[in-house]
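Down below is the structure, laid out as structure tokens.
The values are calculated or read from the model by the stated rules, or taken from the named source; none is laboratory data. What you are looking at is a predicted structure, and each value in this text was computed from that prediction instead of being measured. For accessibility, only protein heavy atoms count, side chains too; no ligands or nucleic acids. Shrake-Rupley method; radii C 1.70, N 1.55, O 1.52, S 1.80 Å.
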Amino acid sequence: MQVLDFAFIGKRIREVRSNKHLTQEYLADATGVNVSHISNIELNKVKVSLSLLVQICNALDVSMDYLLENEYHKPTSALENELLITIRDLPKEKQETLLKIAKVL
């Protein structure tokens with residue numbers, strides 16, 4: 001069994017939180033833990049529990065697979081699956097337009 005890279009997970013949490021201009025205090029309040037616990041998670045001093053990780057994802061409005069990117073070895077992510085479902089439901093002409101846009105990006 002592979003051990004999760006909690007240092008990466010903590011770093012990713014801090015990255016998302018900082019990019020959204022949110023404080024550790026905000027995240028602590030949103031998840032019901034104290035600020036020092038959030039800090040310890042981000043600095044890899046403690047391992048985040050699954051239930052708290054879900055709460056953090058909800059508070060940061062980010063998917064679990066984004067935070068666990070290095071740990072998730074499935075060929076497609078939840079985001080890719082969502083994109084495929086959305087695109088599949090579009091008319092063919094809109095699919096082609098979307099493909100052209102994606103290639104420009």
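For the chain, the fraction of C-alpha pairs farther apart than 18 angstrom is 56 percent. Contact order, relative form, for the chain: 25 percent (alpha carbon pairs under 8 Å, 6 or more residues apart, mean separation divided by residue count).
As a fraction of the 1.4 Å probe accessible area of the chain, surface on carbon and sulfur atoms comes out at 57 percent. Entry comment: accessible area of the range 23-105 is 72 Å² per residue, from protein heavy atoms only and a probe of 1.4 Å. In the chain, the DSSP-assigned H stretches of four residues or longer account for a calculated mean residue ellipticity at 222 nm of -19000 deg cm²/dmol, using -39500 (n - 2.57) per stretch and the full residue count as denominator. The largest accessible area among K103, K20 belongs to the first residue in K103, K20, and the rest follow in falling order (1.4 Å probe, all chains).
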